[in-house]
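Written out below as structure tokens is the structure these notes cover.
Rule-based calculations on the coordinates, nothing more; no lab input. These figures come from a predicted structure and were not determined experimentally. So basically every Cβ, Gly included, is an ideal-geometry build from the backbone, and we count neighbours across all protein chains shown.
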Amino acid sequence: METERPYKMADGGGLYLEIDPSGGKYWRFKYRRAGKEKRISLGVYPDVSLANAREARDGCRKQLAQGIDPGVARKAQMEARACGEANSFEVVAREWLKEHVDPKSESHRKRVYARFENDIFPYLGNRSIAEITPKELLSVIRKIENRDAKDTAHRTLGSCGQVFRYGIATGRCERDITADLRGALKPLEEQHFAAVTTPEEIGGILRAIDVYKGTFVVRSAFRLAPLVFVRPGELRMAKWQDIDMDEAEWTLRLSKRDDSKARRQDVDEYLIVPLPSQAVEILRAVHALTGDNLYVFPGARDHDRPMSDNAILTAMRRMGITKEEMCGHGFRATARPSWRRNCTSSKI
């Protein structure tokens, strides 16, 4: 049958199939509410079968019997679903990530994003943040812990706590449920960075550095590390504008802060690193090569970026220094007062 206007095929009880000239078939339910005739869509045929359409019609008739308008009820459900999606844990978490994690270093961003995308979003991402229970969150975190990644489990739980607190601040949830999980995870075993601590070991490391055959920039950074005892990230991010070789001082912006300890307001973000004559000598030599760059130790391929965060660590491994023997942070551990007192220049 061909027609230029839609026509209907009634099934009964208000249900009918509307067929348009293009061949589309749509289930409709017709009903009256407050003296007005209304219609509600029940799906497209054949995706929705006759049996399913009749079941949906019966559901609408039950709502009418209870004094509920099926059309108004469906609109409310759609609005609730849209609101739930806007308040899902993943949506809130990605807002927090963008605001609080994106400004951090690339390596840090990758680690934090990976924790959420691999271990949290697949299980809780679609849930409304306000409806997630401590038991549900613990079950997900346990999956991380059970693969013997206890440190990752603790860090992921901490990040989730920050997301919940962000949710509170933005009106999406009422409380931080991670507070209920304190002590629920297995405690972490205290681990120290691998470091040499005897005069003989330190002497061996320093002699190995002196004969290292890598690039001049990496070799210079390697030689500077045991003279200034800063974090590897702070060393590779060093900028010429912060270094005064005439005064032998490096004004270093701290990469980490211990907020549990009181600090003077005027020095809590910066540290003055005194530069021994050996360090100044190294820096003057490097300045002749990289002095026109922003960074003291620029990347090999892109001089507008600092050298790789694994440059010194890779150099150590090429020299045969194992991870059990020494790491990039190890120079800071070597400088601890309790160990430094045992080391004298005559022994090194």
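Would you tally the net charge around ALA65, using a Cβ to Cβ cut-off of less than 15 Å, leaving ALA65 out, and scoring K and R as +1, D and E as -1? Once positives and negatives cancel, what remains is +3.
Suppose R0 equals 22 Å; then what is the FRET efficiency for GLU131 and GLU95 from their Cβ-Cβ distance, rounded to the nearest 0.05? My answer for the efficiency is 0.80. Between TYR45 and LYS25, TYR26, TRP27, the built amide H atoms are under 5 Å apart, and every one of these is 5 or more places off in sequence or on another chain.
Look at SER308, SER49, SER159 and count the other Cβ atoms within 10 Å of each Cβ; fewest to most, that gives SER49, SER308, SER159. Annotation for ASP47 and ASP244: the two label points, set 7 Å from Cα along the Cα-Cβ direction, are 7.1 nm apart.
Expressed as a fraction of 2.2 N^0.38 Å, the C-alpha radius of gyration for the range 7-75 is 1.08. Three principal axis extents of the range 103-145 based on alpha-carbon atoms, in descending order, are 32, 23, 15 Å.
For the range 89-181, list log₁₀ I(q)/I(0) at each q in 0.12, 0.23, 0.24 Å⁻¹, using the Debye formula over Cα point scatterers of equal strength and ignoring solvent, two decimals each. Reported log10 I(q)/I(0), two decimals: -0.33, -1.25, -1.35. Subtracting the Cα-Cα distance of HIS108 and GLU4 from their residue separation scaled by 0.36 nm leaves 31.2 nm.
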